[in-house]
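The values are calculated or read from the model by the stated rules, or taken from the named source; none is laboratory data. Predicted model only: the values in this text are computed from it and were never measured. Cβ placement follows ideal geometry from the backbone for every residue including glycine, while neighbour counts extend to all protein chains displayed. Quick note on the areas: whole protein, heavy atoms, side chains included, nothing else; ligands and nucleic acids left out. Shrake-Rupley method; radii C 1.70, N 1.55, O 1.52, S 1.80 Å.
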Amino acid sequence: MTNHKLSAGQKFPSLSVNKLDGGQIDFLNPKGDFDWLLVVVYRGQHCPKCTQYLTELNELLPKFKEVGVGVVAMSADSEEQAHTQINKINPSFDVGYDLTLDQMKTLGLYISNPRSEAETDHPFAEPGLFVINESKQIQLIDISNAPFLRPDLMSVINGIGFIRDPEKNYPIRGTLDY
């Protein structure tokens, strides 16, 4: 197994996914008044931890807006599968579906096969979180190989607030090339 991992500071890859309720999500050109974007990759409707995380994300959406960050989420689920899960949450952020294997690899995500047909019917991405800054660079990145390891969303909000404070002049961390 070979994995390509994205690096902090690099440009976020140019890709788009289908958006529930029509259209596409273009990660390099977020809609609205936000110049930063939080991208959450979740495992899919079979994962109760994902439903919990997306519910919390929706509840904290006003706090992300306060720090100037738009929010989107996506999975490899089909449109029908995504609707099944998202209807439980009713989020105020865009949700993408049909994330392809090639897109998962481009994002450097861990990919799993279902344990059984009862879980789901396709390979899926394990959790990932990316914060894209106004220069389209990856400001923050977290990639996990299991549903139990995800960043605390309030910590992410507080960290973004710190980073975006002009008096802090906080750089993108983890960019030393060795």
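From helices alone, the chain scores -7500 deg cm²/dmol at 222 nm; the rule is -39500 (n - 2.57) for each run of n ≥ 4 DSSP H residues, then divide by the residue total.
Compactness of the chain was expressed as the Cα radius of gyration divided by 2.2 N^0.38 Å, which yields 0.99.
Listed by chain and number, the lysines placed with their C-alpha closer than 22 angstrom to that of residue 105 are 5, 11, 19, 136; residues fewer than eight positions away on the same chain are left out.
Using the Cβ of residue 31 as centre and a radius below 14 Å, the other residues enclosed give a net charge of -3, where K and R count +1 and D and E count -1. Note on surface exposure: 7, 14 rank 14, 7 by accessible area, highest first, 1.4 Å probe.
Taking K and R as +1 and D and E as -1, what net charge do the other residues with C-beta under 15 Å from the C-beta of residue 83 add up to? Net charge around residue 83: -4.
Here the range 115-178 and the range 1-57 have alpha carbon centers that stand 10 Å from each other. How big is D for the range 106-178, in µm² s⁻¹ as a whole number, if Stokes-Einstein is applied with the Kirkwood radius of its Cα pairs at 4 °C and 1.567 mPa s? Translational diffusion coefficient: 89 µm²/s.
Roughly speaking, to the nearest percent, how much of the chain's 1.4 Å accessible area is carbon and sulfur? Percent of accessible area from carbon and sulfur atoms in the chain: 47. Each Lys or Arg adds one and each Asp or Glu subtracts one; over the other residues with Cβ under 11 Å from the Cβ of residue 164, this totals -4.
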